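The values are calculated or read from the model by the stated rules, or taken from the named source; none is laboratory data. All figures in this text were calculated on a predicted structure; none of them were measured in a lab. Cβ: placed from backbone, ideal geometry, glycine included. Neighbour counts: every protein chain shown.
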């Protein structure tokens with residue numbers, strides 16, 4: 001049976017495809033909205049754009065709405081009225097005008113569905129998608145494409161876009177629904193969505209950010225039901241034609257959904273009553289590695305923004321839909337954000353970077369979690385022309401590749417340590433086979449509530465407290481990554497003495513201040529990288545013995561920078577921030593602080609933006 005992919009609610013599988021630019025009547029910044037109609041046999045079809053601008057059509061042809069829209073405006077083409085005895089749907093109908101006429105709105109008409117009055121019959125089958133694996137260098141290997149089951153997805157039988165009945169696919173992609181016999185022009189569709197309510201709940205959706213957030217779905221062609229049961233399989237193909245994508249990339253949303261299935265099942269195995277916050281995963285063939293307007297695909301890179309995940313999809317640039325480690329890495333950030341704690345400030349990062357401790361742990365955890373979920377330590381990310389380029393990271397290499405760095409500031413070290421604790425293989429310094437449960441327990445309990453900023457120190461200290469019988473082996477694993485595990489006796493890493501050849505000012509990780517005591521000198525530096533490199537932000541810990549107001553001052557003592565900023569935290573929650581442009585000093589005043597432990601972050605704004613080098617400040621409380 002011929003299949004087609006279309007987003008739900010008659011929205012686009014693909015986002016905005018720029019037509020030939022220009023405009024008239026309204027100047028060069030106004031553009032037309034149009035497309036084509038097919039399948040219209042008789043009668044009149046009336047379309048609207050944004051709920052107005054009625055357009056009547058009586059035959060298959062191209063069309064253009066009379067009213068033009070300004071660049072950056074949103075459009076939403078819908079059917080106001082259907083032709084007699086036909087039902088029409090809109091594809092590519094919603095998005096944002098991007099400096100060009102929109103010419104790819106597609107309206108397809110078919111004979112109307114009529115529900116039968118016959119006895120109920122069963123429609124069942126299997127739903128699959130093309131999974132494209134990776135070559136050893138990280139590129140995609142289309143010759144090895146396999147058909148994998150679509151698991152846990154919503155399946156609906158629809159009549160004129162109204163749901164007749166629904167179910168979900170099982171763990172091997174099978175489904176079964178009951179529909180009335182004698183029905184004409186019924187459709188079966190599977191959504192790129194997994195949803196459940198109850199004791200455990202979730203709602204994961206793969207949507208098109210360049211088509212107004214349209215939900216992807218795979219639909220059959222129309223079929224009739226008689227008196228007997230029917231078998232109907234659906235398959236989402238990759239769209240690869242041998243040397244390029246030549247048809248709809250139907251499999252992509254389901255490949256993303258499949259990676260999420262594995263990711264959340266790992267958590268459910270630890271807590272069968274988990275309530276997952278709803279999550280949209282935004283993917284489009286227009287999602288490119290350029291920063292800008294996400295509504296036209298300029299998402300910069302695959303990322304979690306604190307609310308949603310965005311996944312790259314631009315062919316011959318960077319496509320991540322088949323990069324299961326990438327998708328699970330981003331889902332790992334979602335997990336941290338909602339169930340643990342993510343103090344990670346984001347930014348550029350890699351295995352050879354000397355990073356802010358918060359970034360090193362967050363990104364290292366994301367990589368490790370992708371390996372834990374897949375039970376595959378090789379992280380592969382395809383990119384480049386024909387998706388044949390890319391890279392791999394083998395977490396079992398333990399940061400021995402050229403350019404890798406080891407230490408508490410290294411995401412490579414974090415991912416290596418976490419994965420070695422989990423896996424069943426033992427080699428070198430790795431004598432641990434802990435599984436995921438001990439790691440999960442610390443993440444959702446102690447790490448979530450730590451007084452320190454989230455880092456390898458806060459995590460490992462609590463892990464050792466919970467697993468005293470494994471302390472010796474944990475320390476050995478840390479030592480192999482230049483982290484002084486045997487001296488790690490608190491959440492702040494106060495015992496760390498090895499700096500592994502980085503700046504002598506790197507330690508201690510946290511300096512200690514006393515209210516009313518002597519000034520503490522700390523230096524912000526862009527020595528390693530701007531924004532999120534280690535030493536851009538420096539931390540000072542202190543304890544308040546009782547409720548009081550507090551004034552914190554930072555005064556420059558040396559260096560080229562001149563704009564210190566201060567952020568005060570308790571349990572990772574920002575209490576107050578001072579980020580004025582006052583030259584060479586900053587003051588932060590807070591009233592009614594309760595007794596307890598606090599962390600103060602200081603950074604020079606210049607090292608967060610352009611890099612001004614090492615600049616030191618005297619901090620007093």
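The set of residues in region 507-525 that are touching a strand residue (DSSP E or B) at 6+ places or on another chain (Cβ under 6 Å) and buried (at least 20 other Cβ atoms within 10 Å of the Cβ) comprises 510, 513, 520, 522, 523, 524.
Only one entry of 532, 607, 571, 584 meets the criterion of being under 32 Å from the mean Cα position of the chain (by Cα) and on the phi > 0 side of the Ramachandran plot, and that entry is 571. Residues in region 90-130 that are surrounded by fewer than 21 Cβ atoms within 10 Å (Cβ to Cβ), within 30 Å of the chain's Cα centre (by Cα) and more than 30 Å from residue 63 (Cβ to Cβ): 126 alone. Within the set 260, 267, the sole residue that is touching a strand residue (DSSP E or B) at 6+ places or on another chain (Cβ under 8 Å) and either under 21 Å from residue 363 (Cα atoms) or modelled with pLDDT of 95 or more (or both) turns out to be 260. Would you be able to say whether some residue in region 132-152 is assigned to a helix (DSSP H, G or I), more than 20 Å from residue 189 (Cβ to Cβ) and in contact with a strand residue (DSSP E or B) (Cβ under 8 Å, 6 or more places away or on another chain)? Yes: one or more hits. Listed conditions (1) part of a loop (DSSP other than H, G, I, E, B); (2) closer than 18 Å to residue 599 by Cβ; (3) in the same structural domain as residue 415 (by TED's automatic domain parsing) are all met by residue 462, apart from (1). If you go through region 381-414 and keep only what is assigned to a helix (DSSP H, G or I), more than 21 Å from the chain's Cα centre (by Cα) and at positive phi, you end up with just 386.
For region 477-515, the set of residues classified as over 13 Å from residue 457 (Cα atoms), out of contact with any helix residue (DSSP H, G or I) (no Cβ under 7 Å at 6 or more places or on another chain) and at pLDDT 95 or above consists of 480, 511, 512, 513, 514, 515, listed by residue number. Of the candidates 104, 60, the single residue that is closer than 25 Å to residue 284 by Cα and outside the structural domain of residue 282 (by TED's automatic domain parsing) is 104. Here residue 242 passes the criteria (1) surrounded by fewer than 17 Cβ atoms within 10 Å (Cβ to Cβ); (2) at pLDDT 95 or above; (3) at negative phi except the one numbered (3). From the list 326, 267, 294, 260, the lone residue that is assigned by TED's automatic domain parsing to the domain that holds residue 135, over 25 Å from residue 217 (Cβ atoms) and buried (at least 18 other Cβ atoms within 10 Å of the Cβ) is 267.
Residues in region 558-580 that are assigned to a loop (DSSP other than H, G, I, E, B) and without any contact (Cβ under 8 Å) to a residue 24 or more places away in the chain: 580 only.
Scanning region 465-481 for residues that are part of a helix (DSSP H, G or I) and within 18 Å of residue 496 (Cβ to Cβ) gives 465, 471, 474, 475, 476, 477, 478, 479. Criterion first (assigned to a strand (DSSP E or B) and within 31 Å of the chain's Cα centre (by Cα)) does residue 555 satisfy it? Against the criterion (assigned to a strand (DSSP E or B) and within 31 Å of the chain's Cα centre (by Cα)), residue 555 does not qualify. Taking region 91-106 as the range and being in contact with a helix residue (DSSP H, G or I) (Cβ under 9 Å, 6 or more places away or on another chain) and part of a strand (DSSP E or B) as the test, the residues that pass are 91, 94, 95, 96.
Yes/no matrix, rows are residues, columns are (1) touching a helix residue (DSSP H, G or I) at 6+ places or on another chain (Cβ under 7 Å); (2) at pLDDT 95 or above; (3) under 23 Å from residue 347 (Cα atoms):
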{"position": "520", "(1), (2), (3)": "no, yes, no"}
{"position": "576", "(1), (2), (3)": "no, yes, yes"}
{"position": "589", "(1), (2), (3)": "no, yes, no"}
{"position": "612", "(1), (2), (3)": "yes, yes, yes"}
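Restricting attention to region 463-494, the residues that are touching a residue at least 60 places away in the same chain (Cβ under 8 Å) and over 17 Å from residue 452 (Cβ atoms) total 4.
When you look at residue 600, is it within 30 Å of the chain's Cα centre (by Cα), over 15 Å from residue 526 (Cα atoms) and assigned to a strand (DSSP E or B), yes or no? Judged against the criteria, residue 600 is a match. Looking only at region 524-550, which residues are in a strand (DSSP E or B) and in contact (Cβ under 8 Å) with a residue 60 or more places away in the chain? Within region 524-550, 524, 533, 534, 537, 538, 539, 540, 541, 542, 550 qualify. Scanning region 16-48 for residues that are closer than 27 Å to residue 282 by Cβ and either at pLDDT 65 or above or out of contact with any helix residue (DSSP H, G or I) (no Cβ under 7 Å at 6 or more places or on another chain) (or both) yields a total of 13.
Is it fair to say residue 217 is part of a strand (DSSP E or B), in the same structural domain as residue 333 (by TED's automatic domain parsing) and closer than 30 Å to residue 297 by Cα?
The answer is yes for residue 217.
For residues that are in a strand (DSSP E or B) and crowded, with 16+ Cβ neighbours inside 10 Å, tally how many sit in region 153-166.
Filtering region 153-166 for residues in a strand (DSSP E or B) gives 154-159, 162-166.
Among the residues that remain, those that are also crowded, with 16+ Cβ neighbours inside 10 Å are: 154-159, 164.
Result for region 153-166: 7.
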